[in-house]
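Everything below concerns the one structure shown next.
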Amino acid sequence: MQATASAPRPDPSVDVPVFVARGLTKIYTMGEVQVHALRGVDLEIYASEFVVLLGPSGCGKSTLLNILGGLDTPTAGSAMFRDHDLTHASEAELTRYRRQHVGFVFQFYNLIPSLTAVENVTLVTEMSQQPMRPQDALALVGLGDRLNHYPSQMSGGEQQRVAIARAIAKRPDVLLCDEPTGALDFATGKIVLEAIARINTELGTTAAVITHNAPIAQIADRVMRMADGRVASVEANRSKLRPEQISW
């Protein structure tokens, strides 16, 4: 029997679910072969919470994040973002949901090489209803002095922080991060995690980070361990660490 992801949270005063999933199942059909990516996941993620989804490659982490972010739809079960039913939403509704409510950060930065840092962030703010100033978003991730640098003039960690600034410049309710430190070395990865933690703390943005790197779980409010398409366990961090305190 899989664990429910509604275990006690460190801060009981924050109890508003942002995401609620019940029986979430995803099956990919490849010719005559069926691949079960998710096998009946139940979870709740709360407003302003920092959650780490931990598990090995192939356990369903990215599929789960893609469904919560409106990039994919489940085969069965339900996924709700507040009062938005992601399970039965049309493609237009999912596009509007992603645009208005979700910021994405992926392992690879996907910056436009011919645009400066501030121009990469500005692209998102031009499509947002109440955006942050691109300069302010870059300052939040510690790049206020690199506004006019191109991606080729920046390190991998700096490019990832530009990607984070781009994701949060539209003031999303949630920040969904898929292996954000996967392409980075230890020292640079910690700087990126510090930027995500700062956004979670200072802006109150709900953050969900998926990783296979167990020490990263120490910076979360709750850790959801995944295995074979299921939530195997849920733990609240009673002694949450800051990113600069962890090592791997």
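The loop-placed GluC sites (Glu not before Pro) in segment 115-180, going by DSSP, that have at most 12 neighbouring Cβ atoms within 10 Å of their Cβ come out as Glu126.
In the chain, helical runs assigned H by DSSP with n ≥ 4 each contribute -39500 (n - 2.57); averaged across all residues and rounded to the nearest 500, the mean residue ellipticity at 222 nm is -8000 deg cm²/dmol. Here the extension length gained between Thr95 and Val33 equals 19.3 nm, from 0.36 nm per residue of separation less the Cα-Cα distance. Summing charges over all other residues whose Cβ lies under 12 Å from the Cβ of Ala227, with Lys and Arg as +1 and Asp and Glu as -1, gives +3. Computed from label points 7 Å out along Cα-Cβ, the spacing between Met127 and His88 is 2.8 nm. This ranking places Phe19, Phe81, Phe186 by how few other beta-carbon atoms lie within 10 Å of each, fewest first, which gives Phe186, Phe81, Phe19.
Pull up the DSSP beta bridges for segment 17-245 and report the antiparallel fraction as a percent, rounded to 5. For segment 17-245, the DSSP antiparallel bridge percentage is about 55.
For segment 226-248, the residues whose backbone nitrogen is under 18 Å from a point 7 Å from the Cα of Asn213, taken along Cα to Cβ, are 226, 241-248.
Among the lysines of segment 17-245, pairs that are 8 or more positions apart or on different chains and have alpha carbons within less than 23 Å of each other number 4. Between segment 173-204 and segment 95-111, the C-alpha centres lie 14 angstrom from each other. Summing Lys, Arg as +1 and Asp, Glu as -1, what charge do residues with Cβ under 15 Å from the Cβ of Leu140 carry, Leu140 excluded? Once all neighbours under 15 Å are counted, the net charge is +2.
Across segment 17-245, Cα pairs under 8 Å and at least six residues apart give a relative contact order of 27 percent. Charge tally for Arg39 (other residues, Cβ to Cβ under 15 Å; Lys, Arg +1; Asp, Glu -1): +3. Here the gap between Arg198 and Gln153, fully extended at 0.36 nm per residue and compared with their Cα-Cα distance, gives a gain of 13.7 nm. What stretch of the chain, leaving out the sites themselves, is the longest with no trypsin sites (Lys or Arg not before Pro) in a DSSP loop having at most 16 other Cβ atoms within 10 Å? Between the exposed loop sites, the longest stretch runs 83-237.
Summarising the label geometry, the points placed 7 Å from Cα in the beta-carbon direction at Asp185 and Ala139 lie 3.1 nm from one another.
Each value in this text was obtained by applying a stated rule to the coordinates, not by laboratory testing. Keep in mind that this is a model prediction, so the values were computed, not measured. Glycine also receives a Cβ, built like all others from the backbone with ideal geometry; neighbour counts cover every protein chain displayed.
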